[in-house]
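K.L.:
Mind looking over this structure? Questions follow.
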Amino acid sequence: MRKILLAILLLLTLSSTMAKVPIVAPTLSESTGIAPAYFGPNALPIPDMLDGRVQGALRVELAADGYFGYQKDQTADLFAKINIPLWTDRVNLSVWMPIMEWYRMTPERQRICRLQDQEVISGHEAGDVYVSADIQLLKARKYTPDIAFRAALKTASGGSFDKARYFDNPGYWFDLAVGKSMYIGQGVTAIENEHSVVELRLAGSLGFLCWQTDNGRQNDALQYGVQLFAKVKYVSLRATWGGYMGWEKDGDRPMSVKLQLSGHAKGFEPFVTYQYGIKDYPFHQLRVGLAYNFDILQYKKPKAHEQK
């Protein structure tokens, strides 16, 4: 536990030192415009919520994204994520980022982003790195749910602030997720049965998210999400509604719905995700990817004769 607390403290320390934007005297009566509605889709997307569980295996994920903006912003990127269990299935370290994005912004979109009128802007840019510590506080029992806590850091590694692609400043969030599954199989309902036919799960999440703006203050937001999950043997479907609400009330209250269809076979997990921005996230997202799960902790589990 001491190592976990030190890791969280290190994340918070880094978040306060990695800003690269100039700091000026704050003007509290004016919004900063440093908000997801006025930047690219990878500037500060709505975080994928936990469902009350953390990854108990080493998981590597690669994906390709296409974003089709409502105001003719077009973005494509390559995305990577890794979940690393820290000597136990109750704690993992997660690291993810858009490795590289390619974008095209029309003059119409530039005006909405409060840029000076130019011809079509296009280019490419590496994205921000995200790091989180995911901790399983409670595992589900017959009448109790799974509960997971996450502390996450957004770095300031992304660039092209002058083209409204990335905020170029740090952020962080804390959230708590609660989830409960019902397993049904062969006429038997179980807490967790590997032979079950169907898993149905309901999860909810609440948290606090903030990011530094460019005038000496930060934007604080309430983060929320609700998720429904269903799995039938080799196929699963996950539906999520969520977002966050910043205090400036100017493009900083993104909300979206997301659907993810996944396959499951011998550790492989191909998936397709579609996200629809409802508010302050003016993008459709289509993601196609492949994940693989390595059960590296199985070698540390005691054998049956050693448990006696």
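Taken together, the values in this text are just the output of simple stated rules run on the coordinates, not laboratory data. Fair warning: this is a prediction, and the values are worked out from it, not measured in the lab. So basically every Cβ, Gly included, is an ideal-geometry build from the backbone, and we count neighbours across all protein chains shown.
K.L.:
Taking the beta-carbon count within 10 Å as an exposure proxy, list S94, S157 from fewest neighbours to most.
P.N.:
S157, S94
K.L.:
Which entries of K81/K266; K163/K249; K233/K279; K81/K258; K154/K249; K180/K258 show an alpha-carbon separation above 28 angstrom in the structure shown?
P.N.:
Pairs exceeding 28 Å: K233/K279.
K.L.:
Right, something else. Using 5 Å bins from zero, what percent of all Cα-Cα pairs in the range 91-247 falls into each bin?
P.N.:
It works out to 2, 8, 12, 14, 16, 14, 11, 9, 7, 5, 3, 1, 0, in whole percents.
K.L.:
Right, here's the next one. With θ set to phi - 60°, apply the Karplus curve 6.51 cos²θ - 1.76 cosθ + 1.60 along the range 222-231 and write out the HN-Hα couplings as whole Hz, x wherever there is a Gly or Pro.
P.N.:
8, 9, 8, x, 9, 9, 10, 9, 9, 9
K.L.:
What share of all Cα pairs of the range 53-101, in percent, falls into each consecutive 10 Å distance bin?
P.N.:
With a bin width of 10 Å, the distribution comes to 25, 34, 25, 13, 3.
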